[in-house]
Structure formats: structure tokens, C-alpha cells
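Notes follow once the structure below has been shown.
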Amino acid sequence: MAVADPGPAPGRKARRYRRRLRSRIIVSFVLLGFGLTVLFAFLTQEARNRVENALVEDVMNQNIDEYARRYYVDPSRNPDLPVQQMFARVVKKDRFEALRMEEPDWYELPDGIHNVEGVDEVGEPFAYKLAVRKTPDEWFFLAYDMTQAMRGEAQFRRAILGAVLVVTLLSVLLGWWSASRVMSPVSELAARLQRSGGDARPEALAVHFPDDEVGQLASALDDYAARLTEVVERDREFNADVSHELRTPLAVIRGAVELLLSRPGLDERTRARLLRIQRAEQQCTDLISALLLLSRGERGHGNTDVGNVAGQLLDAMRAQVGSKPLELRLEEQARLVVDAPESAVSVALGNLIGNAVKYTAAGEVIVRILPGVAEVIDSGPGLDGEDAAKLFERGYRGTHAEHSQGGGIGLSIVRRLCGLYGWDVRLRPGDSEGVVATLTFGDASAEALSAGDAAT
């Protein structure tokens, strides 16, 4: 996998929880059932309280008026109450101050109906409604015991809570059943699509589903898969044809160069030019082989010494440096062998070295071979955040590529090779200047070298 490494992003979550569509449906049913039940319970409780209070207060208003009327008919005796659960009391003018001591709460209450709650001597809660009628000579009190009503309200609340729990449980079951019915064809479609993902020609999906939304989706996927398969086959055929046609002239060039190099008496200038042509031909051959592997999606095998490949690439690059004050150096601290064709290693490492040489005007480019890792270190202009995020994208050439040649596809090829072989490539700014490109080989075997054996 190929990634640019601009540094850790603060606040970025390493992993996000991805909710399944089935879970969303179940949660929706549960929230709907729970919300409706709670709303119904609240409205029912509110309506019950309002109706109960209205009825009780109306009865108490009637009865306290009736109690006062009976008192005035015969003040010498205590009138009978027409309703049970009531306690009535009349306080004459000479007892007002005594009432202040006996019932201070009653003494301060104005006319009307009031709610009184508390705890008795044994710790039992009580509640009653108190109707108050005050005249200059007599104060009338009528208490209606609400203890039973309070207990009934508590039982009603428990019943409502039980109903909420039952309805919520039913919502869970209904949501699970509905989600299973709704998501079953979608899950089947995903499973069939996953099973056919590795086939060159995936099986038709639409024939396994009815003519509904899922069937339409399956039909669209079949059409897309057919068009994609056609494009892939056409691309493979094109790559194979181009590679086949290019191999012949490259073979002719290689043979001609070898023949010319075998001639005696060649001057050094001509020999250097022929060797440069030979290296260019080898680079083309390696690139063709790597592109064929990428087009087929096949891993090639081999025992490739990364240090030897790096040395050859640096020798080839020295001829292209020209007059730039640039030193190319190989630091082989371990012998690194990977299970891949030499062409794949050469293309991946060569693009990294080529970029370092291209963007470094002066200084040095170091290729360091470590256990399982090859590093390309340059002293160029460095790396900014935008480049770090986009350099491996096809066609992106970077902010320092204004006057350089190339189409911005070299690093994208490196990324594809890393994806094919399970390697990892990263770019990061150097410690003081330049860029450090790290190519990590996942299937490499390494052997440490002594200082005398290391190639420098």
C-alpha cells in the first residue's frame, strides 16, 4: 500500500464506528415505539390528573357550600357531610387564634382549594385537598382525603411504565423482523457480488431477484460489470499487444548495442554512449515487464538483490546528472533480497531515485539499504503538505515540477506495484532538508553486512 506520510493529523480518529443499515432500521423502530408510548403515557397521565382534579374540586366546592348552608340553618350542631372521605370543620371567631396554634398552615390559607401533602407520625405519606371559605365570623374547612388516589396514581404510573417497556420490547422484535425482511435481499445481493468478485466474468445477479428495487440494483450492477469487464479485457489486450510489439525493436537495439560494444578499438566516449543506450533499453524492458504484471494482476517471482539493483540504477543515473554538483551514493547496511522480479524492483526503486535526482539541484542523493527497507534520501527543496497528500496520484507533478519533464505517472506506478506485492512506500520531509522516500518490502529477507562489506 502506498501512502504519503505528512505527519500525524491531530484530532483524527483512527477508526470510526460504521453502523449497519439493519441496525439503523431496528433503532428507528425502537425509537418510534418508545417515543410514541412515552408521549401517550404522558398525555394519559396529564389527562387523568386534570380530570381527577377538576371532578374533586367541583365536588368539594359544592360540598363546602352545602356544609356552610347547613351550619347556618342550625349553628348549635355540627352538620352531617353528604360525601364520604371528607372531614369538615368550622372555626368560630373566638377560635381563630387557637387555630393559629393548632393548624398554622390552615390559618394562612386564603379562600379556595389547596393541595396539602406530608408525612404522618409513623412515616406514612398523606395527601388531601383542602377547601377554605372564610367569613368575618366563621371559617369553614373541608378536607378530601387523596391518599387512596395518590396510591392509585402510583399504581397507574407503574402500569404505564410496564406498558412502555412492553411496547419498546415489541418495537425491538418488530424492528428486527422488519429489518430482516427488508435487508435479506440486499444481504444476498452483497454476498453474491462478493463471491463473484474474483471471477474474470462475474455471474449474472438479476436472475436471482424479483423485479423490485433490489432487482433493479442487481440489473444495474450486471450492466456495470459487463462494461467494466469489457474495458479491462480491452486494456489487457492493448498492453499485451504493445508489449509484444515493443519487445522486437528493443531486442534489435540490445543486439546492435552488444555487437557494437564487442568491437575492439572503441574510444571511451563512444563506449559511454553505447552503455547509456544499453541502460535505457534495459529500463524500457523492465518497465514493460512491470506494466504487464500490473495489467494482469499477477505477482512475478524471483530472488532480487535490492542492493545490486540500486547500484545499477545509480550508475545509470550518474550518466544523466550532467554538470549538476550532485553526488549519488549507495549505503548498503544489509543484504536485502525480495521475492519479486528484478524488473518490478527496478521500476519501483528507479522512480524514487529518478525523482530525487530530478528535483535535487545540488548536494547528494543517498540510497540506504536497511533490513527490509530501502531509503532514498535527497537534499532537494523538500516537501509541503499538498505534495505529501497528492504525489502518488496519477498526473500530479508537485509544486516544484514547473520546469521539469514528465507526466506525473511515475509514483502512481510505484503505488500500483506496492499494492500488487504488498509493499509500502512513504514520503516524508528530511531531518533538515530534502525528502526521504521509504520503500518497505513485506516479503523481504535481510542479512546484516559488516562495515567492510557494505557497498558505499
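The values are calculated or read from the model by the stated rules, or taken from the named source; none is laboratory data. Quick caveat, the model's predicted, so the values are computed rather than measured. So basically every Cβ, Gly included, is an ideal-geometry build from the backbone, and we count neighbours across all protein chains shown.
Taking the stated definitions as given, is D212 surrounded by fewer than 13 Cβ atoms within 10 Å (Cβ to Cβ), within 33 Å of the chain's Cα centre (by Cα) and of a type in the set (D, E)? Judged against the criteria, D212 is a match.
All of A204, A159, A143 fail the test of being among the small types (G, A, S) and in a helix (DSSP H, G or I), apart from A159. Considered as a group, the residues in the range 279-296 that are hydroxyl-bearing (S, T, Y) and under 42 Å from the mean Cα position of the chain (by Cα) include one that is surrounded by the most Cβ atoms within 10 Å (Cβ to Cβ), and that residue is S289.
Among the residues making up the range 328-365, those that are part of a strand (DSSP E or B) and in contact with a helix residue (DSSP H, G or I) (Cβ under 9 Å, 6 or more places away or on another chain) are L328, R329, L330, E332, A334, R335, L336, V337, V338, D339, V365. Would you mind stating whether Q320 is closer than 26 Å to I369 by Cα, at pLDDT below 80, in a helix (DSSP H, G or I) and not assigned by TED's automatic domain parsing to the domain that holds G442? So Q320 fails the test. For E245, which of the numbered conditions (1) in contact with a Gly (Cβ under 9 Å, 6 or more places away or on another chain); (2) not assigned by TED's automatic domain parsing to the domain that holds V365 fails to hold? All conditions are met except number (1). On the basis of being within 30 Å of G302 (Cα to Cα), at pLDDT below 85 and buried (at least 19 other Cβ atoms within 10 Å of the Cβ), does L439 make the cut? When the stated conditions are applied, L439 does not pass them. Across the range 90-99, not a single residue is classified as in the same structural domain as P136 (by TED's automatic domain parsing), farther than 25 Å from A127 by Cα and modelled with pLDDT under 75. Checked against (1) in contact (Cβ under 8 Å) with a residue 12 or more places away in the chain; (2) surrounded by 10 or more Cβ atoms within 10 Å (Cβ to Cβ), E103 passes all but a single condition, namely (1). Q148 meets the conditions (1) modelled with pLDDT under 80; (2) surrounded by 12 or more Cβ atoms within 10 Å (Cβ to Cβ); (3) assigned by TED's automatic domain parsing to the domain that holds A47 in every case but one. The failed one is (2). Does Q155 qualify as being closer than 23 Å to V56 by Cβ and either in the same structural domain as Y67 (by TED's automatic domain parsing) or modelled with pLDDT of 75 or more (or both)? Spelling it out, Q155 is indeed closer than 23 Å to V56 by Cβ and either in the same structural domain as Y67 (by TED's automatic domain parsing) or modelled with pLDDT of 75 or more (or both). A residue that is assigned to a helix (DSSP H, G or I), in the same structural domain as L349 (by TED's automatic domain parsing) and at pLDDT 75 or above occurs somewhere in the range 421-428. Could you check, for the range 65-73, whether at least one of its residues is in contact (Cβ under 8 Å) with a residue 24 or more places away in the chain, in a helix (DSSP H, G or I) and either outside the structural domain of G35 (by TED's automatic domain parsing) or touching a Ser or Thr at 6+ places or on another chain (Cβ under 9 Å) (or both)? So far as the range 65-73 goes, yes, one or more of its residues are in contact (Cβ under 8 Å) with a residue 24 or more places away in the chain, in a helix (DSSP H, G or I) and either outside the structural domain of G35 (by TED's automatic domain parsing) or touching a Ser or Thr at 6+ places or on another chain (Cβ under 9 Å) (or both).
Entry remark, the range 106-135: residues being modelled with pLDDT of 80 or more and not in a strand (DSSP E or B) number 7 in total. For the range 257-272, the set of residues classified as in contact with a helix residue (DSSP H, G or I) (Cβ under 9 Å, 6 or more places away or on another chain) and either free of Cβ contacts under 8 Å to residues at least 12 places away in the same chain or not in a helix (DSSP H, G or I) (or both) consists of L266, T270, R271, listed by residue number. Filtered by the rule that a residue be more than 37 Å from the chain's Cα centre (by Cα) and under 14 Å from L291 (Cα atoms), the range 342-366 gives E342, S343.
Just one of the listed residues (A179, A154, A190) is without any contact (Cβ under 8 Å) to a residue 12 or more places away in the chain and over 21 Å from R48 (Cα atoms), namely A190.
Taken over the range 273-314, the residue count meeting the criterion of being touching a strand residue (DSSP E or B) at 6+ places or on another chain (Cβ under 9 Å) and in contact (Cβ under 8 Å) with a residue 60 or more places away in the chain is 5. What do you reckon, is E281 in a loop (DSSP other than H, G, I, E, B), among the acidic types (D, E) and under 30 Å from V337 (Cβ atoms)? No.
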